[in-house]
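A short worksheet on the structure shown next.
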Protein chains: 2
Amino acid sequence: MARALVLGAGMVGSVIAADIAADERFEVTIADRSDASLQKAAARCAGRISTTVADLSDPAAIRRLAGDADIVLGALASHLGYDALAAVIDAGKPYSDISFMAENALDHDAKARAAGVTCVVDIGVAPGMSNLLAGAAAHRMDQCDRIEIYVGGLPVERRWPFQYKAGFAPADVIEEYTRPSRIVERGEIVVRPALTEPELLDFPHIGTLEAVNTDGLRTLADTLDVPNMVEKTLRYPGHYELMRVFRATGLFSKEPIEVGGQRVIPLEVTSALMFPKWTYEEGERDLTVMAVIAEGVLDGKPTRLRWDLYDEHDAATNFTSMSRTTAFPCAIVARLLHEGKITTPGVLPPEKLGAMPGVLETVMDELRARGVRYTETVEAI
Amino acid sequence: MARALVLGAGMVGSVIAADIAADERFEVTIADRSDASLQKAAARCAGRISTTVADLSDPAAIRRLAGDADIVLGALASHLGYDALAAVIDAGKPYSDISFMAENALDHDAKARAAGVTCVVDIGVAPGMSNLLAGAAAHRMDQCDRIEIYVGGLPVERRWPFQYKAGFAPADVIEEYTRPSRIVERGEIVVRPALTEPELLDFPHIGTLEAVNTDGLRTLADTLDVPNMVEKTLRYPGHYELMRVFRATGLFSKEPIEVGGQRVIPLEVTSALMFPKWTYEEGERDLTVMAVIAEGVLDGKPTRLRWDLYDEHDAATNFTSMSRTTAFPCAIVARLLHEGKITTPGVLPPEKLGAMPGVLETVMDELRARGVRYTETVEAI
């Protein structure tokens, strides 16, 4: 039996552990600083995993745990991701990670190459499958002129006023609404304010959604030689206008203001009031919607390649759509690492996997087996 | 020369003083705790008024100043209005007041009657002219079944996101958006949440506005025997939806919350951020729009009486529309008091003046002479 170590027992980590634990080739240990989270994760896996309480902000702890493992899977809070990656490389173990670090994971590429270790990062849904599909499109086409990624995690029921619940840390959502977005136009990286260039688009099962610029390209902006690339985030129409108003009012400001003789950070007050309203209630269903569109020349003809994902909360497992669509690619890629189907040493963003023969097909098959279905469309333009 | 005393040298008080000072029958003194405000007011009157620095939260100071006057005009901050009214009654002087006190001015009615003093309160635009017209309609009709008052003070230019500037204290505006509104239906006082029962209405010069319930009937709910009465406040469409979202988010809450180890009152943070955006910039024009509609039986026939006001900032005097429409009725009624045309002792809300022969006509003529035009429509229904 191979030993798999899962770092982080949150909503995504526990689903990763459950997925790997269902595979008889692996014995699974999950680590987290919270015993309560570990017990919840263990319950999800019907006790088929071991748990260990550990401070994963301590690289030495990660090195020690990873040293006992054959394969490591990361689902840590974003601020822990960068140092954890370095620690897993130090331990010399293959790594499949969705920790969504703010830093550039490729900083550790040379170190991973030197150690002969393969680490796939950002391997969730977006980033993750979006990169894999973008990479596959760019690789498959004779010439790729444009890649557009539209993605959103949403509550199935839209409730006034926000019509939104956050599938991950709400503070990261506000960060996404305020940080300028890097997009690629005519081969140049250009920066646009967040929440700009709104488009209304129709999606099956949902209806009309609004897409705006957010800073989601991450490694794609550097790794793919495609002259036009953009990632836009999807919400129910009306949500972004409120967010623009809140931003314009100063409610998202991190600059302290003087109120009642105290220094107060407006964003902290807004967060305290708003985030409870952004939290999924028990039993409240979520959905994930994504479209990855690539335009260019395929077999000598102007072509549009498009992948569409629509996924909902799974009542059978009680896994949220966000955790399904994020955890499964990570768990599937961990198996590919373990099986020696991905061996290139270094820190690999998922677009690199898109150029590897058979990887996309295997990932798609495995996702389909778990009920997560991407449909591919090829159309002449 | 009669001696007129103006209490309060704010935006409205200074316009009241200017109006009275232009009348050769009066010598005017204006009192305020702020010398800066007094100097501004004096400049507006080309020096034709005397100023006196006084603490108008001290009833003794008001009694002393009023003792030297023949007629008193009130334009105080709302929290000072109630005690100031009592002090003017104690001084035994007629009083025309727009201080918009939260308390019930009629509490002082018995005291004023006993002293043989006539005090007209709430004599601005709404409350004020709205009451006068409602009272006149109820008096003129054989039977009045319904009175609707629609009123708003707005910037001429509507700017995203709020499309609103506050002509008076923004905190009073939020109070209006949160306090339940009393309306009269089938002879009963009923209470509706603020910002409810929206209607879209078209107004000449402006276009479509949105009207919602606000708690504006004040004395009308008690003094007029009309079975259906409502006051609704007008804003550009979209404003109220934002206010409902802010209210629902908790941003208008006065309950402290714990943020960063401090107790913070959300409304104070919101106010600090939002009110600067609600403040008229130098040279930014405002408008006032009002419709008072009365339905019932007139001369035996089902009839709708309607008065419409549309007024804008006056470039010649640089008086805002809010101060024009509020200050002029107060100054005009002060003259009627001085001329002995209103003599009933007691605290009189303006609807009482609507039943006095000739008063409405005189007020309308005087307003018209100042460019504030109410148009009357009589229509069979």
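The values are calculated or read from the model by the stated rules, or taken from the named source; none is laboratory data. Bear in mind the structure is a predicted one, so any value in this text is a computation, not a measurement. All Cβ positions, even for glycine, are placed from backbone atoms using ideal geometry, and neighbour counts span all protein chains on display. Accessible surface areas use protein heavy atoms only, side chains included; no ligands, DNA or RNA. Shrake-Rupley method; radii C 1.70, N 1.55, O 1.52, S 1.80 Å.
Dipole of chain A, Cα-centred, from +1 at each Lys and Arg C-beta and -1 at each Asp and Glu C-beta, to the nearest 20 debye? Mind showing how you got there, number by number?
Numbers: 39 positive and 55 negative charges, 64 e Å.
With only Lys, Arg, Asp and Glu charged at Cβ, the dipole is about 300 debye.
State the answer as a single residue: which of B:PHE168, B:MET101, B:GLY10 lies farthest towards the positive end of the charge dipole of chain B, with beta carbon charges of +1 for Lys and Arg and -1 for Asp and Glu, about the Cα centre.
So the residue furthest toward the plus end is B:GLY10.
Would you mind classifying segment A:324-364 by shape? Square roots of the alpha carbon gyration tensor eigenvalues, ordered a ≥ b ≥ c; an a/c under 1.5 is rounded, otherwise it is prolate if a/b is larger than b/c and oblate if not.
Cα axes put segment A:324-364 in the rounded bin.
Once ligands and nucleic acids are excluded and a 1.4 Å probe is used, how much of B:ARG25 is accessible, expressed in Å² to the nearest 10?
Surface accessible to solvent at B:ARG25 totals approximately 100 Å².
Provide an ascending nm list, one decimal, of label-point separations from A:ASP23 to the equivalent residue in each further copy; define each label point as 7 Å from Cα along Cα→Cβ.
9.1
Would you list the membrane-span-like helices of chain A, meaning whole DSSP H runs whose alpha-carbon atoms span at least 24 Å along their axis and whose mean Kyte-Doolittle value is at least -1.0? It would help to have the intermediate numbers written out before the result.
Values: long enough: A:321-338 (26 Å, 0.67).
Membrane-span-like by this criterion, though nothing is claimed about a membrane: A:321-338.
At 7 angstrom along the Cα-to-beta-carbon line, where would the label on A:ASP225 sit relative to the other copies? Give the distances in nm, shortest first.
Inter-copy label distances (nm, one decimal, shortest first): 9.2.
Size of the dipole of segment B:199-354 about the Cα centre, Lys and Arg at +1 and Asp and Glu at -1 on the beta carbon, nothing else charged, in debye to 20?
260 debye
When Cβ neighbours within 10 Å are restricted to other protein chains, what is their mean count per residue of peptide A:247-258? Intermediate results must be reported in sequence, preceding the final value.
Working: counts 1, 5, 9, 7, 7, 0, 1, 0, 0, 1, 4, 1.
Counting other chains' Cβ atoms within 10 Å and averaging over A:247-258 gives 3.
Rank B:SER271, B:GLY283, B:LEU224 by how far each Cα sits towards the positive end of the charge dipole of segment B:130-288 (+1 on Lys, Arg Cβ; -1 on Asp, Glu Cβ) and give me just the farthest.
B:SER271
For segment A:66-141, with only Lys/Arg (+1) and Asp/Glu (-1) charged at the beta-carbon, what is the dipole magnitude about the Cα centre, in debye rounded to 20?
Details: 4 positive and 9 negative charges, 61 e Å.
Approximately 300 debye in magnitude.
With a ≥ b ≥ c the root eigenvalues of the C-alpha gyration tensor of segment A:9-69, is it rounded (a/c under 1.5), prolate (a/b larger than b/c) or oblate? Walk me through the numbers on the way to the answer.
Working: a/c = 2.22, a/b = 1.33, b/c = 1.67.
Oblate is the answer for segment A:9-69, as a/c is 1.5 or above yet b/c matches or exceeds a/b.
Return the lysines within reach of B:LYS40: Cα separation strictly under 29 angstrom, same-chain partners fewer than 8 residues apart disregarded; answer none if there are no such residues.
Filter leaves B:LYS93, B:LYS165, B:LYS277.
For an R0 of 35 angstrom, estimate the FRET efficiency from the Cβ-Cβ distance between B:GLU258 and A:LEU201 and round to the nearest 0.05. Before the final figure, lay out the partial values.
Values: r = 41 Å, r/R0 = 1.16.
About 0.30, to the nearest 0.05.
Once R0 is set to 35 Å, what does the formula 1/(1 + (r/R0)^6) return for the Cβ-Cβ distance between B:GLU282 and B:GLU185, expressed as a FRET efficiency to the nearest 0.05?
0.20
How many angstrom lie between the Cα centre of segment A:259-289 and the Cα centre of segment A:65-130?
30 Å
Within a 10 angstrom radius of each residue's Cβ in B:179-192, how many Cβ atoms of other chains show up on average? Whole number is fine.
0
Is it possible to state the helix-based mean residue ellipticity at 222 nm for chain B, with each DSSP H run of 4+ residues giving -39500 (n - 2.57), the sum divided by total residues, to the nearest 500 deg cm²/dmol? What is it?
Per the formula, -9500 deg cm²/dmol.
What FRET efficiency comes out for B:ARG3 versus B:ALA316 if R0 is 30 angstrom and r is the Cβ-Cβ distance? Round to the nearest 0.05.
0.60
Remind me, relative contact order of segment A:196-337 in percent, using alpha carbon pairs under 8 angstrom and six or more residues apart?
This gives 12 percent for segment A:196-337.
For B:ARG186, place a label point 7 Å from Cα along the Cα-to-Cβ direction in every copy; what are the distances to the other copies, in nm, shortest first?
So the label point of B:ARG186 gives 7.0 nm to the other copies.
Restricting attention to segment B:150-205, which GluC sites (Glu not before Pro) occupy a DSSP loop and are surrounded by at most 11 other Cβ atoms within 10 Å?
B:GLU157
Per residue of A:259-271, count partner chain C-beta atoms within 10 Å of its C-beta, then hand back the mean as an integer.
So the per-residue partner count for this stretch is 6.
Any idea what the relative contact order of chain A is, in percent, if you count C-alpha pairs under 8 Å spaced at least 6 apart? Intermediate values should be presented prior to the final figure.
Numbers: 839 pairs, mean separation 76.7, N = 381.
Computed over chain A, the figure is 20 percent.
For segment A:91-216, what relative contact order do you get, as a whole percent, if you take Cα pairs closer than 8 Å and at least 6 residues apart?
In percent, rounded to a whole number, it is 15.
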